[in-house]
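For reference, the structure discussed in these notes is given below.
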Ligand SMILES: C[S@@+](CC[C@H](N)C(=O)[O-])C[C@H]1O[C@@H](n2cnc3c(N)ncnc32)[C@H](O)[C@@H]1O
């Protein structure tokens, strides 16, 4: 999808996002409770704040919320909700984290981190996040655990919601070498033109995210299999990972300097 930009998904889906069956089924309350428990005392930043599904109830608990998003349409939906106009939002690519100051919690939920399309951009995003964390701050990320068995010869077509009046299904291509998924959700209503909702993701395994964190001077504090602090294990389909700044010594161990070799003494004949 060459015409895919950071704002594409949000701009296309904004009108129906909150009502999508897989969004409505999210454990929103548990997510908010969890984030509130680790938010600390300073400001909180959400990457890809969207319609404020998480940010609004979190702000209602008394936290000072800020958000980044590329889609004006998603944020306009947030502004329509009670409390949605009190949240500071900067527009642009969240991978660049263009917002001033430090935060005691930065978070990105619901696989949104994977919308950064390359490994380089994901690594740089971790580095920018590290610069915006207060010393005791944490970065929380929720992502799916890649399941390559979903794809048959690099593709998948699957039903999301089926009724007599409306079907919602997805058509996906998987490029394993780039760890990239290009997907279009298609909504067809009886008697209406079909609507297309494209999404493009570059997924990473939890271990790759740990390495990105390490490159950015952070380390894993905890990993769970869900927002209710379920254990993370082989059956986990998603992970909630919490990173913190690593002590400087661990951040980027430099290779020890070897003592310069002394020139060998010449023996007298
Ligand atoms: C799946 S929605 C999640 C919204 C909200 N966080 C939630 O959990 O309901 C992803 C959001 O991230 C935004 N987004 C995706 N990629 C982005 C990028 N590179 N920069 C800024 N925003 C981005 C989209 O516009 C959309 O609002």
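Of note:
- In this structure, residue 17 does not qualify as within 12 Å of the ligand (Cβ to nearest atom), closer than 27 Å to residue 167 by Cα, surrounded by fewer than 19 Cβ atoms within 10 Å (Cβ to Cβ) and in contact (Cβ under 8 Å) with a residue 40 or more places away in the chain.
- Across the range 52-61, the qualifying residues are those that are more than 6 Å from the ligand (Cβ to nearest atom) and in contact (Cβ under 8 Å) with a residue 24 or more places away in the chain, and the one among them that is surrounded by the fewest Cβ atoms within 10 Å (Cβ to Cβ) is 61.
- The condition of being crowded, with 23+ Cβ neighbours inside 10 Å and touching a residue at least 40 places away in the same chain (Cβ under 8 Å) does not hold for residue 99.
- Helices (runs of 4 or more DSSP H) wholly inside the range 32-145 containing at least 1 residues that are farther than 26 Å from residue 208 by Cα and assigned by TED's automatic domain parsing to the domain that holds residue 225: 55-59, 72-79
- In the range 20-29, the residues that are loosely packed, with under 14 Cβ neighbours inside 10 Å and either more than 13 Å from the ligand (Cβ to nearest atom) or under 17 Å from residue 59 (Cβ atoms) (or both): 21, 29
- Among the criteria (1) out of contact with any strand residue (DSSP E or B) (no Cβ under 8 Å at 6 or more places or on another chain); (2) surrounded by fewer than 10 Cβ atoms within 10 Å (Cβ to Cβ); (3) within 27 Å of residue 227 (Cβ to Cβ), the one residue 146 does not fulfil is (2).
- The condition (being free of Cβ contacts under 8 Å to residues at least 40 places away in the same chain and either buried (at least 16 other Cβ atoms within 10 Å of the Cβ) or within 21 Å of residue 203 (Cα to Cα) (or both)) is satisfied by just one residue among 127, 155, 122: 155.
- Screening residue 40 on (1) touching a strand residue (DSSP E or B) at 6+ places or on another chain (Cβ under 9 Å); (2) in contact (Cβ under 8 Å) with a residue 24 or more places away in the chain; (3) within 10 Å of the ligand (Cβ to nearest atom) shows it passes everything except condition (3).
- The criterion of at least 2 residues that are at pLDDT 90 or above and surrounded by fewer than 17 Cβ atoms within 10 Å (Cβ to Cβ) is met, among strands (runs of 3 or more DSSP E) falling completely within the range 190-269, by 195-202, 218-224.
- Check on residue 4, at pLDDT below 95 and over 26 Å from residue 136 (Cα atoms): yes
The values are calculated or read from the model by the stated rules, or taken from the named source; none is laboratory data. Note that the structure is a prediction, hence the values are computed from the model and not measured. No Cβ is skipped: glycine too gets one built from the backbone with ideal geometry, and neighbour counts run over all protein chains shown.
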